[in-house]
Amino acid sequence: MHGQEPRPPVPAPGRARTPKDDDARIVERLQRSLLPSILEVKGLTTAAEYLPAARHHNVGGDWYDVFEPTAATVTWVIGDVAGHGFGEAVVMAQLRNALRAYALHTSDPADILHRLDRFVSAYLPNETTATACVLVLERSSGVVRYSVAGHPPPLLLAERGGVLLAEWLDEAKGLPLGVRETDLRPVGEFRLVPGDTLVLYTDGLIEKPGDDIEDGMEQLRRAAQLLSAEPPETVCRQLMRLPGDAYAGDDRALLVSRIS
């Protein structure tokens, strides 16, 4: 994986390490082990970064994934379980693994999320709040179908007719996971060609207290458009800096994937 890995908490100088410090290190290592360490999928160049909230124990509920359920398809996922602790990291792992299993049975992103809705309602605590976005590419046609469960929309960087586009994929908005499991989820569709880039992210990259989230989204869109000619690793590294060091109140996860 290209990107910055969270570091374990370091006790203050002169203070002996406590059992609480050891617990935090164990939990942090557990979460890192749940994120993909190598993002290698044929036909893609992908970079990802995860930056934990500085005010917490380096764990949280953000996750990303890219994998091949079959030789004919590629699936991208970005998700966020509200919170920054061990419980949220465990829920994140459950959702990630369940989603991977469902993707083996269907290539319909709305169906995948519908199954995840039922999983959340049946097996997770009532207070669980989680969002996710699933995109599925059909390799033979280049068509991507996607569905969004309460998550910020993905961003597509593409050149069409000599014009560089940076467009939100916002035609498949739905409620967060588990809110109404009987609802049919919307599906959007678009086509990818070589050179196109997908930018998937969590709300820690666009949200600041007191600021309009639309402003954060526009800042991300413009920055990504300016960086679109750069390698995914550079795009990822630069976009992660957008909120600045002054605010680190939420986890940030980012996945940048280019079709080759």
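Scaled against 2.2 N^0.38 Å for its residue count N, the alpha carbon radius of gyration of segment 24-259 is 0.95. Out of every Cα-Cα pair in segment 86-184, what percent are more than 20 Å apart? Tail of the P(r) past 20 Å holds 43 percent of the pairs. A simple packing score, the average count of other Cβ atoms within 10 Å per residue, orders the peptides 105-113, 214-222, 119-127 as 105-113, 214-222, 119-127, with the highest score first.
Taking the inverse of the mean reciprocal distance over all distinct Cα pairs, the Kirkwood hydrodynamic radius of segment 141-187 comes to 12.4 Å.
Only the coordinates and a few stated rules stand behind these numbers; no lab work does. Just so it is clear, the structure is predicted and the values come from calculations on it, not from any experiment. For neighbour counting, all protein chains shown are included, and Cβ atoms are generated from backbone atoms with ideal geometry for every residue, glycine included.
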